[in-house]
Amino acid sequence: MKNLLSIVIPTYNEEKLIQNTVNTVVETMTLENIPFEIVFVDDGSFDSTWKIISQNTNTHPNIKAVKFSRNFGKESAIFAGLDFAKGDCCVVMDCDLQHPPKIVVEMYKLWLLNDFDIVEGRKSSRGKESFLNRFFANLFYKLLRATSGIDLENASDFKLMDRSVVDIIKAMPERQTFFRAMSSWVGYKVTKVYFEVPKRKDDRSRWSFKSLFKLAVNSITSYTTIPMQIVTIFGVTFFIFALAASVQTVYMKLAGKAVEGFTTVILLLLIIGSVIMFSLGIIGLYLSKIYEEIKSRPRYIVSETIGIKEGREDIGL
Ligand code: UDP
Ligand code: MG
């Protein structure tokens, strides 16, 4: 089939919402006459998500499904979906309809008629969130843009990509992925569509502050090594500072006022100590990333599939 659209949907414990999502997506695509397939990736749900998905694969032959052996996280689920998708273009969307299917139609048309390779969904507003969340999100986007040149402000995982882009992203060897940044790093002919984020029906987001912080650190360390260079700058600055302080201390000693220098010593100890620890921490961060990558573990492990025809290895290598 030409111009086939693959809709990749990562799902984790979505038993309450998933049926409505299937109905809405199928209805929207059928109405618009878009040839499509849905690739569900069940990210190790422990509720009846998988059961509902398999029931749907019986009624809709163009729904495929992949089940992970455990929860590997949304990133892995996205990549598994892209690995199993056969479409000429693929769109990644959330299961909670916070990425509206109407916008998928708009993205598809931009791809089909205007030849765009990537159509990014950008949130027109960030919706309601706490001051702290907004503050850290802004800080993260600014840091990432300043250090790696990637602009992710209001970006989301909601994105349509041409087959050529999908193949390139799939072939990238890193194990710790950050889909949002990877798909903007590749370049190509890109356009944006803006969408309002509707409220989640069950009003629950699975991202805790801790997991968001981890994601932020991970993506910054994946895209820039500038923090490591900052360590060197710190080193040089404090060396100059230390030289000046030594001159002062020696002068004090010669002038017979040595006891006063005690403050300087303590200050230096504190500052240098903390800079060293901070620097070691940054180096540790990068080292642990190298360690993770070098292990080359698969991105995910599939325990079950439905409707996947051609044989392929069932791990994300
Ligand atoms: N999700 C997943 N694995 C996880 C957590 C979430 O596949 O470990 C899926 C989830 O089912 C949903 C999407 O990722 O389809 C976005 O999740 P959620 O709505 O909780 O996040 P938010 O909208 O707050 O980004
Ligand atoms: Mg959501």
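A few points about this structure:
- Binned Cα-Cα distance frequencies in the stretch 217-297 - 10 Å width, integer %: 16, 34, 22, 16, 9, 3, 0
- Straight-distance candidates among the lysines for linking to Lys189, with alpha-carbon spacing under 23 Å and chain neighbours fewer than 8 residues away dropped: Lys2, Lys86, Lys102, Lys109, Lys123, Lys159, Lys170.
- Bridges between two residues of the stretch 1-156, per DSSP, are antiparallel at a rate of about 5%.
- Quotient of Cα Rg and 2.2 N^0.38 Å for the stretch 39-91, N being how many residues it contains: 1.12
- Normalised by the number of residues in the chain, the average gap of Cα pairs under 8 Å and 6 or more apart makes the relative contact order 22 percent.
- Considering only Tyr12, Cys95, Ala245, the residue lying farthest towards the positive end of the dipole of the chain is Ala245, judged by Cα position with unit charges set on Cβ.
- Amide H contacts for Ile301 (H built 1.01 Å from N in the peptide plane; partners 5 or more residues away or on another chain; cut-off under 5 Å): Ser69, Arg70.
- Only DSSP H runs of four or more residues enter the estimate; each adds -39500 (n - 2.57), and after division by the residues of the chain the mean residue ellipticity at 222 nm equals -17000 deg cm²/dmol.
- Scalar couplings 3J(HN,Hα) for the stretch 2-7, obtained by applying the Karplus form with A = 6.51, B = -1.76, C = 1.60 to θ = phi - 60°, are 8, 6, 6, 9, 9, 10 Hz; x denotes Gly and Pro.
- Note on the chain: with charges restricted to the Cβ of Lys and Arg (+1) and Asp and Glu (-1), its dipole about the Cα centre is near 780 debye.
- Computed from the C-alpha gyration tensor, the three semi-axes of the ellipsoid equivalent to the chain are 49, 20, 18 Å, from longest to shortest.
- Cβ-Cβ distance of Glu304 and Arg175, R₀ of 22 Å, FRET efficiency by 1/(1 + (r/R0)^6): the value works out to about 0.45.
- Here is the tail figure for the stretch 105-194: Cα pairs spaced more than 21 Å apart come to 38 percent of all pairs.
- Simple point charges give the picture: +1 on the Cβ of Lys and Arg, -1 on the Cβ of Asp and Glu, and for the stretch 87-142 a dipole about the Cα centre of about 440 debye.
- Beta bridges by DSSP in the chain, antiparallel share as percent, to the nearest 5: 35
- Ranked packing of 78-88, 13-23, most packed first, by mean Cβ within 10 Å: 78-88, 13-23
- Nearest-ten-degree value, helix 262-295 long axis tilted from longest Cα axis of the chain: 30
- Other residues whose C-beta falls under 14 angstrom from the C-beta of Val105 contribute a net charge of -1, scoring Lys and Arg +1 and Asp and Glu -1.
- Within-13-Å neighbourhood charge of Met172 [Cβ basis; K, R +1; D, E -1]: -2
- Two-decimal log10 I(q)/I(0) for the stretch 157-254, as the Debye equation yields it once each C-alpha is a single scatterer, q = 0.12, 0.18 Å⁻¹: -0.67, -1.07
- Reciprocal mean inverse distance between Cα atoms of the stretch 53-140 - Kirkwood radius, Å: 16.0
- With each label modelled as a point 7 angstrom along the Cα→C-beta vector, the Lys192-Val217 pair spans 2.9 nm.
- Axis of helix 209-223 versus longest Cα principal axis of the chain: the two differ by about 80°, to the nearest ten degrees.
- Neighbourhood charge, 14 Å Cβ-Cβ cut-off, centred on Lys2 and excluding it, Lys, Arg +1 and Asp, Glu -1: -1
- Over the stretch 69-116, the reciprocal of the mean inverse Cα-Cα separation, the Kirkwood hydrodynamic radius, stands at 12.3 Å.
- Percent carbon-and-sulfur accessible area, the stretch 1-59, ignoring ligands, DNA and RNA, probe 1.4 Å: 51
The values are calculated or read from the model by the stated rules, or taken from the named source; none is laboratory data. Only a predicted model underlies this, so the values are computations on that prediction, with no experimental measurement involved. Using ideal geometry, Cβ is built from the backbone for each residue, glycine included, and neighbour counts are taken over all protein chains shown. Only protein heavy atoms, including side chains, enter the accessible area calculation; ligands, DNA and RNA are left aside. Shrake-Rupley method; radii C 1.70, N 1.55, O 1.52, S 1.80 Å.
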